[in-house]
Structures are given as C-alpha cells and as structure tokens.
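Student: Supplied in structure tokens, the structure appears directly below.
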Amino acid sequence: MPHPDALHWDHRYTHETSRRVPRSPHHLVTGHLDLFPSKGLVLDMACGTTSTGRFLASRGLRVIALDVSIAALRLAQLEVRKDALPVSMAVMDLTAPWLPREYFDVILNFYYLSRPLWQIYREALKPGGLLLFETFLCEADMNPEHYLDSLELKNIFDDWEIIRYAEIQRTSHLPDHPSKKRRVAQLVARKPKEKNEILNP
Ligand SMILES: C[S@@+](CC[C@H](N)C(=O)[O-])C[C@H]1O[C@@H](n2cnc3c(N)ncnc32)[C@H](O)[C@@H]1O
C-alpha cells in the first residue's frame, strides 16, 4: 500500500509545474558557505529535487539525498546526471528513520518537519558538524504537527553553537497563494566538537 505522503507528494511533483522547474539553492546555505568543509558528506533530508544538494555537490561535497517521493527523485536524477554530480538518492519515509552515528558533516532540513528527527540529527552529525534547518512557523490556520512554534527549534539545539537563528517573513511560492507571506524559522547550528556531549533524552 502506498505511503500517504508519497501519494500526496508524487502527485504534486507530477502535476505542479512550479515543482518541476529547477530551483536555486536555499539562501541559508549560500549565505553560510564559509562554514562548509571543502570535502565531506552532506545529508539532504526530504530533499525534493535537491537543488541545494546539487549545488553543494558541484562544489566538491558528496551528497546523500532522501525523500519519500519517487517523482521528486526522478526529477532530481535528471539534473544530477546532466552534470555527473556526486549525489546518491534513495526513496524513504523520513518520519523517524535510523541513521548511522556521527557519520555526516552537514545535514540539511528544508521545509519538512518531523520532530523525532531532531534527536536522530544530534546523533548522526559528526562532532563539529553543521545543521541547516528552515521551515514554516505555525500560524492560526495551520496544523501544529507540521509547523514550528516560535523559538522551538532554537530551544532544541540551544546546547549547540547557534550561528544563526531567525524568524522572518517569506513570500510563499505556492501556486495557489503566490503572494502570501509566511513566517519561517531559520537555524544554522554546529554540534559541539567534544565527544562526550550529553545528548537530549
Ligand atoms: C516543501 S518540499 C521541500 C523539498 C526540499 N527540502 C526543498 O526545500 O526544496 C517537502 C518535501 O518533503 C518530502 N516529504 C514529505 N513527507 C515525507 C516523508 N514522510 N518522508 C520523506 N520525505 C517526505 C516531500 O516529498 C517533499 O519533497
């Protein structure tokens, strides 16, 4: 039986023209390139067409890009092949996956929220690794399960080095609300280098 998120997102990637055109990498990444290692492994979670992952791969990083939508990954694959980029992809439900411990140099989480992932990210990043996270804040008409509370993300990672935390307004690119402004939270945080970090329970 198909996963409900896969059904939903496969439909969107197949039928919404705006999801099929190549996008620019996220500004939160391009604005913090000085923090990135020149080599290493990036995990792009709920990657969509992995525009940011492909950008980082073109700069010499290796990328693993994961998403529940095979339609999204097919689009991504077309772009990856054109430029022979070092991006590996897999289709999977990322609600609460297992990830290897202290394995990734960078984790990207853009516009996808599954709170169980936070503890998984804490363990999967190498000491000194970077987390870049951006998604919508909850507003009156929204389901709090899928959207952040104000300061929630910052509080979860407040024992890490917070390089940037901001709550800002962005114009929605949703085709049905092209000019709607939505509030988003942005986090750039570095996991402590010490091996004996106390992980959140
Ligand atoms: C708003 S898009 C963001 C895509 C990409 N991160 C970006 O910022 O361009 C949300 C993505 O989450 C993926 N997604 C939704 N539910 C998922 C799940 N349970 N497991 C993995 N990916 C999921 C969708 O397929 C979609 O690609």
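Student: Which residue out of A189, A185 is at pLDDT 95 or above, in a strand (DSSP E or B), away from the ligand (no atom under 16 Å from the Cβ) and open to solvent by less than 20 Å² (accessible area, probe 1.4 Å)?
Tutor: None of the others qualify; the one that does is A189.
Student: For segment 51-65, how many residues are surrounded by fewer than 20 Cβ atoms within 10 Å (Cβ to Cβ) and more than 16 Å from the ligand (Cβ to nearest atom)?
Tutor: Number of matching residues: 4.
Student: When you go through (1) open to solvent by 30 Å² or more (accessible area, probe 1.4 Å); (2) within 15 Å of the ligand (Cβ to nearest atom); (3) in contact with a Ser or Thr (Cβ under 7 Å, 6 or more places away or on another chain) one by one for Q77, which number turns out not to apply?
Tutor: (3)
Student: Cβ-Cβ under 7 Å, sequence separation 6+ or interchain: first residue in segment 90-107 and away from the ligand (no atom under 14 Å from the Cβ), partner acidic (D, E). Which pairs?
Tutor: R101/E123
Student: For segment 33-42, which residues satisfy the criterion of being surrounded by fewer than 23 Cβ atoms within 10 Å (Cβ to Cβ) and assigned to a strand (DSSP E or B)?
Tutor: L41
Student: What are the residues in segment 53-88 that are of a type in the set (D, E) and either over 17 Å from the mean Cα position of the chain (by Cα) or under 18 Å from P37 (Cβ atoms) (or both), if any?
Tutor: E79, D83
Student: Across segment 20-32, what is the number of residues that are within 15 Å of Y111 (Cα to Cα), free of Cβ contacts under 8 Å to residues at least 40 places away in the same chain and not in a loop (DSSP other than H, G, I, E, B)?
Tutor: Summing the residues that are within 15 Å of Y111 (Cα to Cα), free of Cβ contacts under 8 Å to residues at least 40 places away in the same chain and not in a loop (DSSP other than H, G, I, E, B) in segment 20-32 gives 1.
Student: Oh, and also: Please find, within segment 1-32, the residue that is modelled with the lowest pLDDT out of those that are loosely packed, with under 11 Cβ neighbours inside 10 Å and not small (G, A, S).
Tutor: The residue in question is V21.
The values are calculated or read from the model by the stated rules, or taken from the named source; none is laboratory data. Small disclaimer: the values here were computed from a predicted structure and weren't measured. Ideal geometry is used to build each Cβ from the backbone, glycine not excepted, and the neighbour counts take in all protein chains shown. Heads up: the accessible areas ignore ligands, DNA and RNA and are worked out on the full protein's heavy atoms, side chains in. Shrake-Rupley method; radii C 1.70, N 1.55, O 1.52, S 1.80 Å.
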